[in-house]
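Have a look at the structure below before the remarks.
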Amino acid sequence: MKLRLSVAALTDAVSYTARALPARPPVPVLAGMLLTATPGTLHLAASDTEVYTADTTAAEVADAGQAVVPGRLLNDICARLPKSADVDLELVDKGTRLAVASRAARFTLPVLPLGEYPALPALPDAVATVSADALARTVAQVAIAASADQTLPAITGIQLRLEGERLLMSATDRYRIARHELPLTLTAPVPRKGAAKRRKPEPGEGPDPAAKDTAPQALVPARALSEAARALDGEHALTLHWSEGLFGLATPGGRSYTTRILSGHTFPKTDFLLADIAAVATWTLPVAETADALQRVALVATRNTPVLLVLDGATVRIEAGSGDDAQGSDRVPVNTAGELGDGFAIGFNPGYLADAFKALDAPEAELHIRKADKPVLLLPRLGEGAQTPYQHLLMPVRLNG
């Protein structure tokens, strides 16, 4: 294998592909990055057996070939090479080492056993296209509600459910639920694992209630989907790749990120919780001002101590701390509608509530409240008649007394 390309192109491709390199490789060869040189192209790939990254860049290839090289070391070397220069890659010493040369700098890296590198799955067929920046925003808004508890895999994922040309993303850690609806353009059928045959509705009859249950859906690790959406963000379209076992995203330039689906785990039923919380009051709050106030007051909220929202005339008082502990409070303006009057108080985990407000992409938010011990629904306020694509449900913290 012998090729030349620009340092900038190699650095960009290597730094992206290195995202899938495991911190603690289950087998030594997975610390490597697979380089494949073909006429005019260098293809790079890496995996930790759960996620797979791949990229392609143009190169002047004198000799085609493959090599597995230490990925993190190659990434570190590329980051320190002069960006305006070219770099030569060549297998030397009978194919046992990779020489990396740029101007006066020269390195030789031991290669890892190519025969021991596991076969990487092919990117599934493309089924849809979606805006990359819209996807990145949506995933960020939903992923905050996913659990980090690896002993409960079903709630560490984001549920993807396709309904027509809408992709519904949902996540929950049992204390909050975030859901966002994202428009996309279908380009091919999506696999329906276990989909039952649905009967055709009779004239005058509504949609088949079984349709939602058999809609294509998958449970994708939240961490992997978040990483993919951030890494592939930009002003371009992405293709969605979906099979029964894999979910992937790819750019027009050939960069891809694929993750295994969390098979065998069932995402909790959340539709009924979001459908109707029977709110008796709605508070309209300024998003940025409330988020800032929550972060300030949370400084004095000790572990497992809630932050309180107390209705006080035309303001909501945000407070935390009591007794001999540090205390803090702030106020934000509010417009109220409904049955709850002055003095009504409701408590929340300060981090969860701050996360929810920071996720809103609107100047104002609506907090729909039923009782102090019942779930509340937080929505961006979009104006009369507009339907929000984002919902965030929060469980309050039970207050003493």
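The values are calculated or read from the model by the stated rules, or taken from the named source; none is laboratory data. None of the values given here were measured: they were computed from a predicted structure. Neighbour counts run over all protein chains shown; Cβ positions are idealised from the backbone, glycine included.
Of note:
- Each residue in region 98-120 was checked for being touching a Phe, Trp or Tyr at 6+ places or on another chain (Cβ under 6 Å) and part of a loop (DSSP other than H, G, I, E, B), and 1 of them qualify.
- Among the candidates ALA237, ALA224, the residue that is closer than 21 Å to THR49 by Cβ, among the hydrophobic types (A, V, I, L, M, F, W, C) and modelled with pLDDT of 90 or more is uniquely ALA224.
- All conditions but one from (1) in a loop (DSSP other than H, G, I, E, B); (2) farther than 20 Å from ALA314 by Cα; (3) in contact (Cβ under 8 Å) with a residue 12 or more places away in the chain apply to LEU393; the one that does not is (1).
- Test set (1) part of a loop (DSSP other than H, G, I, E, B); (2) on the phi < 0 side of the Ramachandran plot; (3) touching a residue at least 24 places away in the same chain (Cβ under 8 Å); (4) not polar (S, T, N, Q) - GLY95 fails condition number: (2)
- Any hit, region 286-295, residues being outside any helix (DSSP H, G or I) and not aliphatic (A, V, I, L, M): yes
- Out of LEU123, LEU135, LEU167, LEU162, sole residue that is assigned to a loop (DSSP other than H, G, I, E, B) and of a type in the set (A, V, I, L, M): LEU123
- Residue selection: GLU319 satisfies the criterion of being over 25 Å from the mean Cα position of the chain (by Cα), acidic (Asp, Glu) and at pLDDT 95 or above.
- Every pair of residues 6+ apart whose Cβ atoms lie under 6 Å, when the first sits in region 74-88 and is at negative phi and surrounded by fewer than 17 Cβ atoms within 10 Å (Cβ to Cβ) while the second is of a type outside the set (Val, Ile, Thr) and part of a strand (DSSP E or B): ALA85/SER102; ASP88/ARG4; ASP88/ALA101
- Yes/no for ALA291 being modelled with pLDDT under 95, touching a helix residue (DSSP H, G or I) at 6+ places or on another chain (Cβ under 7 Å) and at negative phi: no
- Residue in region 74-84 that is of a type in the set (Val, Ile, Thr) and not in a strand (DSSP E or B) present: yes
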